[in-house]
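This report concerns only the one structure given below.
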Amino acid sequence: MPRTASQTSLLLYAPVPLYLFEGSLYIEGQAVNGLQLWARYFDWVTVMMPVSAGAPPAGWAPLHSYQQELSRIRIEPLPMASHPGQFLRVLPRALHRIGRLIAEADYLSFAIGGGVGDWGAVSCLVAHHRQRPYAVWTDRVDSKVMPQSQKPPRDKAPEQPPWRSRLQGRLYHRPMAWLEKAAIQRADLGLFHGGETFQANQGLCRNSHLVQDIHVAEADHISDSALVKKAAGVAGKRPLRLIYTGQAEAMSGPTDWITVLERLNGLVVDFNATWIGDGAALPQMHARIQRAGLTECVDFPGFVEDHGAVLQAVLQADIFMFCHKTAETPRCLIEALTCGTPVLGYDCTSARELISGQGGDGLVPCGDTAALAQRIAELDADRDRLARRMINARADGMPFCAALAFAQRAEILRQHLPVGRPLPPHRRRPTLGQGWDAARN
């Protein structure tokens, strides 16, 4: 159905990859959910996404299986270009394509981050060159994350990359920091997820807003009756239930997480711990747990496709323990609070703000595994206090809802982002093409 002149269109760049496998594009279900939420507030949504060749991970489904959900959403694949030579080779065609999409849209909003092949930052510069106002969105300070996030070989410690990865990180850091800064400085509107990211970037952008990126529906929040049952269930001497959900990569502090478990064992705390998520650090984590003799009380289920099952596991946990080491704002902390699960971990602006409303004291200096283990041991010894922390966590998580978060961002775009001058409808492409040729190149 062709759009009319009175309808509004939104162009996004989302760094969540598509996968081109056996002639079909695969997309993540959570990405589809986010696009559907955007489509509530704009008549047409076009999203540019990078394409990776190969078998998709669990949780991705063929794009054509979401025909109904994406009826007013056009997916525009861009080539994955994570190496400088590859990026320069595909850049001319990509620039032409991005420019055409920018010319067609009323509102522009680009997620940035990722270094080489960051089409979001490239889109920002193209929009600026064409004198089109745009919004920039990010949930972390990528120039600070990137040198630490090089994936090491599986037989190496994930938080001490080999010299080649460290050198690559240093070489990429400066141009990445420049590109990140240039994209933010030229933006008419900055949408920054979480306090850490907002503080780092608000001085660079002429109009900055603190926003949240949430994929938890209001129906996913723990109910009153379930919270009462959960708080009452910590009484007694059963093992403490610890959980973390996220990638087992250096930025999540997986070795620190294991160290805390080892210290808890030394403090004679009876616990069961679960890390839900895949990543390069898992083999080392398994090895550490085996050496510590904790295989019976630590579980690594890997990636869990069903987001509802993940939330249920978090709801059943007593403590969400995290050891994040980078300037980012993970959604997992918000999800834990909506499940009535207290968050305990390393101090940072975003985590501090999330639990400040109820006076939470579960944060310790980054890297202080002894202090974190001691905090957890104290809660284990005082189960009444732990129950109160659960009630406080639920109160901290009450304001967070995906529908409200996307509504807020859409309203900010409409109020603060000047509408550009897109191509008239008769000059726009009428079809929702999938761009197979660009995905293959």
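The values are calculated or read from the model by the stated rules, or taken from the named source; none is laboratory data. Not measured: the values here are computed from a predicted model. Glycine also receives a Cβ, built like all others from the backbone with ideal geometry; neighbour counts cover every protein chain displayed. Quick note on the areas: whole protein, heavy atoms, side chains included, nothing else; ligands and nucleic acids left out. Shrake-Rupley method; radii C 1.70, N 1.55, O 1.52, S 1.80 Å.
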Within segment 85-119, residues among the aromatic types (Phe, Trp, Tyr) and at pLDDT 90 or above come out as Tyr107, Phe110, Trp119
Checked pairs for segment 326-342, first at positive phi and modelled with pLDDT of 90 or more, second among the basic types (Lys, Arg) and part of a helix (DSSP H, G or I), C-beta under 8 Å and 6 or more apart or across chains, list as Gly340/Lys230; Gly340/Arg394
Based on this model, can you work out whether Leu78 counts as among the aliphatic types (A, V, I, L, M), within 19 Å of the chain's Cα centre (by Cα), open to solvent by less than 30 Å² (accessible area, probe 1.4 Å) and under 18 Å from Tyr134 (Cβ atoms)?
no
Top-ranked residue of segment 379-391 - restricted to ones that are of a type outside the set (Asp, Glu) and open to solvent by less than 50 Å² (accessible area, probe 1.4 Å), ranked as nearest to Val216 (Cα to Cα):
Met390
So in segment 262-277, with the set limited to residues that are open to solvent by 20 Å² or more (accessible area, probe 1.4 Å) and either among the hydrophobic types (A, V, I, L, M, F, W, C) or outside any loop (DSSP other than H, G, I, E, B) (or both), which one is nearest to Ser252 (Cα to Cα)?
Thr274
Looking only at segment 101-126, and only at residues there that are open to solvent by 10 Å² or more (accessible area, probe 1.4 Å) and either of a type in the set (Phe, Trp, Tyr) or more than 21 Å from Asp188 (Cβ to Cβ) (or both), the one that is nearest to the chain's Cα centre (by Cα):
Gly114
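Can you tell me which residue is farthest from Ala371 (Cα to Cα) among those in segment 312-325 that are of a type outside the set (Gly, Ala, Ser) and not in a helix (DSSP H, G or I)?
So the residue we want is Asp318.
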If you check Phe300, Phe322, which single one turns out to be modelled with pLDDT of 95 or more, within 23 Å of Ala200 (Cα to Cα) and touching a helix residue (DSSP H, G or I) at 6+ places or on another chain (Cβ under 9 Å)?
Phe322
Candidates Ala370, Ala351 - the one that is at pLDDT 95 or above and part of a helix (DSSP H, G or I):
Ala370
Considering (1) more than 23 Å from Glu22 (Cα to Cα); (2) at pLDDT below 90; (3) open to solvent by less than 40 Å² (accessible area, probe 1.4 Å), say which one Gly59 fails and leave the rest.
(1)
All positions within segment 202-229 that are assigned to a helix (DSSP H, G or I), out of contact with any Lys or Arg (no Cβ under 9 Å at 6 or more places or on another chain) and open to solvent by less than 50 Å² (accessible area, probe 1.4 Å):
Ala226
Name the single residue that is surrounded by the most Cβ atoms within 10 Å (Cβ to Cβ) among those in segment 301-311 being in a loop (DSSP other than H, G, I, E, B) and among the hydrophobic types (A, V, I, L, M, F, W, C).
Val304
When the residues of segment 278-300 are filtered to those that are more than 16 Å from Met321 (Cβ to Cβ) and in a loop (DSSP other than H, G, I, E, B), which remaining residue is most open to solvent (accessible area, probe 1.4 Å)?
Glu296
Hey, could you check segment 231-261 for residues that are in a loop (DSSP other than H, G, I, E, B), free of Cβ contacts under 8 Å to residues at least 40 places away in the same chain and more than 23 Å from Arg331 (Cβ to Cβ) and say which is least open to solvent (accessible area, probe 1.4 Å)?
Arg238
Tell me, please, whether a residue that is surrounded by 20 or more Cβ atoms within 10 Å (Cβ to Cβ) and of a type in the set (Phe, Trp, Tyr) can be found in segment 315-338.
yes
